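This is the structure I want to talk about, given as structure tokens.
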Amino acid sequence: MANIQIRKYQDEDAEVVKELFTLGMSEHVPSSFTHVLKQPLTQMFLMVTFCALITSSKSFLLPVLAVTLVLAAVRQMVVYMFNKYIEATLRKDLDNIGGIYLQKKNSCFWVAESDGRVVGTVACLPAETAPGFLELKRMSVRRSHRGMGIAKALCRTVADFTRERGFPAVILYTSVVQADAQKLYEHMGYTKIREFVLPEFTAKILNFTLFEYRLDLETDKERD
């Protein structure tokens, strides 16, 4: 991890932090599209469409074209959903990192810097769904700097921050399509404690599952 420095967020980091988040989320479009295609409802719809058209038209080309168009539409739907999530997240907290993460108690936002360039981010704040814990959020590492231990260092930064403030655990949420993130968190000692489907209708139809992970910490009081 040569030339890597982890420091608190500064106002001049705003645009690159938004860029990292947007790029990181956009990377999940292909895996999300694959997840949608694996769902029984999607496969049944594609099969029914193909069989109905090939039976009614007596042509092989028409159903192939129709299924291709459906697949293109499904991918655009996935892209749209991710874009809406990115826009909502930017409005919710990344447009006001200082106010949400740096001016409130038990919250913080860090960036990982390599040779003067921001290449990673992570944040934490009190968990809304688990009072008494802190929640790790906004973990992202630029693709060109992965495999260098930056994500692990960012995880440790959050754990140390949480421990120093006397909280017993860190929690986080990740999705079914973020396989690499799941492996990282499990390697860092996080345990999967719950999985659930988002309440939105589209998420239920597509079986888009979230996983809740928790890292239990030994506080200074327990060591004493």
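Any read-out appearing in this document is the output of simple, stated calculations on the displayed coordinates, not a laboratory observation. These numbers come from a predicted model, not from an experiment. Here the Cβ is made from the backbone with ideal geometry for all residues, glycine too, and neighbour counts use every protein chain on show.
Counting helices only, and only those DSSP H runs with n ≥ 4, report the 222 nm mean residue ellipticity of the chain as the sum of -39,500 (n - 2.57) divided by its residues, in deg cm²/dmol to the nearest 500.
Working: 8 runs with 104 residues, N = 224.
The helix contribution divided over the chain gives -14500 deg cm²/dmol.
Next up: Please identify the GluC sites (Glu not before Pro) of the range 112-164 that satisfy two criteria: DSSP loop assignment and at most 12 other Cβ atoms within 10 Å. Which are they? Intermediate values should be presented prior to the final figure.
Numbers: sites: E113, E128, E135, E164; in loops: E128.
Answer in residue order: E128.
Roughly speaking, what is the stretch gain from F45 to I100, that is 0.36 nm per residue apart minus the C-alpha to C-alpha distance, in nm to one decimal? Intermediate values should be presented prior to the final figure.
Numbers: separation 55, 0.36 × 55 = 19.80 nm, distance 4.37 nm.
Gain on stretching F45 to I100: 15.4 nm.
Quick query: amide H of E135 versus all other amide H atoms, modeled in the peptide plane; which residues come in under 5 Å with a sequence gap of 5 or more or a different chain?
For E135, the qualifying residues are L125, A127, I171.
Can you name the helices of the chain, as whole DSSP H runs, whose Cα span along the helix axis is 15 Å or more and whose Kyte-Doolittle mean is not below -0.5?
Values: long enough: 14-26 (18 Å, 0.75); 40-57 (25 Å, 1.39); 61-89 (42 Å, 1.31); 150-164 (21 Å, 0.13).
Result, helices passing both filters: 14-26, 40-57, 61-89, 150-164.
Work out the length of the dipole vector of the range 1-72 about its Cα centre, built from +1 on the beta-carbon of each Lys and Arg and -1 on the beta-carbon of each Asp and Glu, and round it to the nearest 20 debye.
On the way: 5 positive and 6 negative charges, 104 e Å.
Around 500 debye, computed over the range 1-72.
Of I100, F33, M139, which is farthest on the positive side of the dipole of the chain, counting Cα position, with +1 on Lys and Arg Cβ, -1 on Asp and Glu Cβ, and the Cα centre as origin?
Of the candidates, F33 comes out farthest on the positive side.
I would also like to ask the following. What's the Cα-based Rg to Rh of the range 1-134, Rh via Kirkwood?
Details: Rg = 22.0 Å, Rh = 18.3 Å.
So for the range 1-134, dividing Rg by the Kirkwood Rh gives 1.20.
Okay, next question. Provide the percentage of antiparallel DSSP beta bridges, counting only those with both residues in the chain; round to the nearest 5. Write down the numbers at each step before the final one.
Details: 31 of 33 bridges.
Of all bridge pairs located within the chain, approximately 95 percent are antiparallel.
Would you please put 185-196, 141-152, 53-64 in order of how densely packed they are, using the mean number of other Cβ atoms within 10 angstrom per residue and starting with the highest?
Numbers: 185-196: 14.3, 141-152: 16.0, 53-64: 12.7.
Order by mean packing, descending: 141-152, 185-196, 53-64.
Another question about this same structure. What base-10 log of the normalised intensity I(q)/I(0) is obtained for the range 56-113 from the Debye formula, alpha carbons as equal point scatterers, at q = 0.12, 0.16, 0.28 Å⁻¹?
Scattering profile of the range 56-113, log10 relative to I(0): -0.54, -0.68, -1.04.
Taking the Cβ-Cβ separation of L61 and N207 as r and a Förster radius of 35 Å, what is the calculated FRET efficiency to the nearest 0.05? Provide the component values of the computation, followed by the final result.
Details: r = 32 Å, r/R0 = 0.92.
Approximately 0.60, to the nearest 0.05.
Can you pull the semi-axes for the range 67-196, root of five times each eigenvalue of the Cα gyration tensor, sorted largest first, whole Å?
On the way: eigenvalues 149, 64, 60 Å².
Taking √(5λ) for each Cα gyration eigenvalue gives 27, 18, 17 Å.
Just to confirm my numbers, what's the Cα centroid distance between the range 85-105 and the range 12-63 in Å?
30
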